[in-house]
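Here the structure is laid out as structure tokens; the discussion comes afterwards.
The values are calculated or read from the model by the stated rules, or taken from the named source; none is laboratory data. These numbers were taken from a predicted model, which means no experiment stands behind them. Neighbour counts run over all protein chains shown; Cβ positions are idealised from the backbone, glycine included.
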Ligand SMILES: [Zn+2]
């Protein structure tokens, strides 16, 4: 998971979402609100293309899943399940793009909370997953930094889905290769090629690996995190390379 922006919707779409929410709110009981939310979401499909388009623009790479970063984001997921909070069924801030595996096999209707009742899962459009999760780059597995990071690992199977772990290891090798090739291209004055290397690097699946590499290169323990990879660490700290790869700010 990486931090993602939240796009703005058109006023027409915002108005439609408000109308549906009001319809749900007018139901007499919580059970009726849940039934209405389910029915409206299934049958009022005209609002969904606008949501899907906005979510696709926000998603990493080529419309990758906002949870695992690997599969194609095919489903509009309700971060807080509509069965739990029907009034958030048409809440734009509650919509994320997920692959069908994360949505149907992993998360389903799970929404773990702490003993105090606050939610544990991390919404990547509202906060930075790096505050809760650290990727162990050579292993391709995540280490929890907080209880919330632990909940994300468990609910999304971030360490138990072998394709994700193996994929992250390969993504690490590919990303190291990309930054080396970028340096070579720049040293040869091949700026167009260097720009293309950056673009492709950010459009690959599992771009959380690239984000983790840049983030960890600034960590006080970076030398230990990149043991045996001193050249990679030097490149990741190169101001010129960082300017080329990272957005300003
Ligand atoms: Zn996924």
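Note on the stretch 67-104: residues that are in contact (Cβ under 8 Å) with a residue 24 or more places away in the chain and in a helix (DSSP H, G or I) total 9. Residues in the stretch 181-201 that are in contact with a helix residue (DSSP H, G or I) (Cβ under 7 Å, 6 or more places away or on another chain) and either within 27 Å of residue 139 (Cα to Cα) or in a loop (DSSP other than H, G, I, E, B) (or both): 181, 182, 183, 197, 198, 201. Residues that are more than 25 Å from the chain's Cα centre (by Cα) and without any contact (Cβ under 8 Å) to a residue 24 or more places away in the chain within the stretch 146-194 comprise 181, 184, 185, 187, 188, 189, 190, 191, 192, 193, listed in sequence order. Quick check on residue 171: is it modelled with pLDDT of 95 or more, closer than 13 Å to residue 2 by Cβ and touching a helix residue (DSSP H, G or I) at 6+ places or on another chain (Cβ under 6 Å)? In short, yes.
Might you check whether a residue that is in contact with a helix residue (DSSP H, G or I) (Cβ under 7 Å, 6 or more places away or on another chain), buried (at least 17 other Cβ atoms within 10 Å of the Cβ) and outside any helix (DSSP H, G or I) occurs anywhere in the stretch 159-167? Yes, that holds for at least one residue.
For residue 29, the test of being away from the ligand (no atom under 15 Å from the Cβ), crowded, with 18+ Cβ neighbours inside 10 Å and farther than 15 Å from residue 7 by Cβ is failed. Listed by first and then second residue, the pairs with beta-carbon distance under 6 Å, at least 6 apart or on different chains, first residue in the stretch 51-66 and free of Cβ contacts under 8 Å to residues at least 12 places away in the same chain and at negative phi, second part of a loop (DSSP other than H, G, I, E, B) and within 11 Å of the ligand (Cβ to nearest atom), form an empty list.
Of the residues in the stretch 86-119, how many are modelled with pLDDT of 95 or more, more than 15 Å from the ligand (Cβ to nearest atom) and surrounded by fewer than 21 Cβ atoms within 10 Å (Cβ to Cβ)? The total comes to 6. Do the conditions hold for residue 175, that is, is it in a helix (DSSP H, G or I), buried (at least 18 other Cβ atoms within 10 Å of the Cβ) and in contact with a strand residue (DSSP E or B) (Cβ under 6 Å, 6 or more places away or on another chain)? Criteria not met by residue 175.
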